[in-house]
Amino acid sequence: MADEVLFEFLHMEIVSHIYKEQQSGKAELDNKDRAVCVSVLEGMGFRVGQGIIERLTRDTPSFKDELDIMKFICKDFWTKVFRRQIDNLRTNHQGTYVLQDNKFTLLTQLSNGKQYLDQAPRYLAFSCGVVRGALSNLGMESVVTAEVSIMPSCKYQRKRRSTSSTQTQSSPLLIYVMCQTIDVFRCGFLFGLGGNTVYRWVIKIATVSVSIPSLKKEKCNALI
Amino acid sequence: MFGDSIRKCLAGLQGTQTWRVGIAVIAKENYPLYIRSVASQSELKFHYTVHTSLDVVEEKISAVGKSLGDQRELYLGLLYPTEDYKVYGYVTNSKVKFVIVVDSSNTSLRDNEIRSMFRKLHNSFTDVMCNPFHNPGDPIQSKAFDGIVSGMMVQTG
């Protein structure tokens, strides 16, 4: 049946197109360029994953917990997308999962051992994105990475996404607001307002500044 | 954008009987992706009804999570009846919520009709998600989805 290999061929073309585009005009790809290519591929996979999971979970009952979701990914999802099941799922029960596929569909045509091992990561970026997109739509924000030691077997690792990166964004806002409150104090006393009124203003501004960073955090999680 | 669809609704619904008061699609972060109500109702009241029903939806979702071994359905059933409306809810696996509000005076609408409406909504929502021109998280602007919703709103009995 031709339909099975259609996607494999298309995927190979996508990867080589992205790398060729990045290389246009340059002699060699440096690390930064390679990172750009990988993130473009991963981003494409992410959007595809979001759409696919919507279609695949249309008729399934809702999931009990994270482990249930990962089991779904290993069995039904992997079967529908890559035509086989995950061979081994390991977890530390704290949000990290390792999925092992001993005969990954997109790597079988490359080699059977260690040949072309250094080229393998570019062919895994899209699938990492697909898994990340699927998990994100199911409510599990993740960081998905893949590693290959011997082709065509590969391991996907999913870690819980930490929200610490978004917290640093809130501090500039907080500092700005605190500066404004100091001005309010000064103005208040200038205009002869009672200390009580100024105090209430300051509390209001402080509560607004506390709630705004949390809003930003939620928005970041929603967009990414 | 919602105003346009309401005006179109007005033009199309002169003289036809409508049972459905409105349909809403809410994203997993609890902001609306799509709200459509029948012209004769005040739009603000409809928005408010949908907003308050979200609490009941969250309650049902967390209650379902605690019951073990049950066949966990996507259809949530009647969320709560008010004196004017009955509100039905449905949540997908991607935590997108559908809310349908119908007239209380209409007693002929059976449970499985509401279920089939939700299935149709879910199917066309899946199509919208797979549309490459739609960004997940953006308000739904697909004309096909509009068409399905209008079809459901003007149906009688």
- Item | Filtered residues of the stretch B:100-133 (kept if assigned to a loop (DSSP other than H, G, I, E, B) and either crowded, with 18+ Cβ neighbours inside 10 Å or in contact (Cβ under 8 Å) with a residue 24 or more places away in the chain (or both)) | B:N106, B:S108, B:L109
- Note on the structure: Taking the stretch A:82-100 and keeping only residues that are modelled with pLDDT of 90 or more and within 17 Å of A:A125 (Cα to Cα), one is left with A:V98, A:L99, A:Q100
- Elements of type helices (runs of 4 or more DSSP H) in the stretch A:1-105, at least 2 residues being closer than 26 Å to B:T92 by Cα, hydrophobic (A, V, I, L, M, F, W, C) and more than 14 Å from chain B (Cβ to nearest Cβ): A:78-82
- Query: If you scan the stretch A:111-140, which residues turn out to be more than 20 Å from A:V15 (Cα to Cα) and within 14 Å of chain B (Cβ to nearest Cβ)?
  - Reply: A:A134, A:L135, A:S136, A:N137, A:L138, A:G139, A:M140
- Message: Looking only at the stretch B:94-115, filter to residues that are out of contact with any Asp or Glu (no Cβ under 8 Å at 6 or more places or on another chain) and within 14 Å of another protein chain (Cβ to nearest Cβ); which one of those is nearest to B:F46 (Cα to Cα)?
- Response: B:F98
- Task: Determine whether the stretch B:68-75 contains at least one residue that is on the phi > 0 side of the Ramachandran plot, modelled with pLDDT of 85 or more and assigned to a loop (DSSP other than H, G, I, E, B).
- Result: no
- Message: Given the criteria at negative phi, aromatic (F, W, Y) and modelled with pLDDT under 90, does A:F104 qualify?
- Response: yes
- Message: Based on this model, can you work out whether A:I52 counts as at pLDDT 85 or above, touching a Leu at 6+ places or on another chain (Cβ under 8 Å) and surrounded by 14 or more Cβ atoms within 10 Å (Cβ to Cβ)?
- Response: no
- Message: Looking only at the stretch B:10-45, how many residues end up being at pLDDT below 85, of a type in the set (A, V, I, L, M, F, W, C) and within 11 Å of the chain's Cα centre (by Cα)?
- Response: 1
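The values are calculated or read from the model by the stated rules, or taken from the named source; none is laboratory data. Nothing here was measured: the structure is a model prediction, and the numbers come from that model. Every residue, glycine as well, gets a Cβ built from its backbone with ideal geometry; the counts of neighbours run over all protein chains shown.
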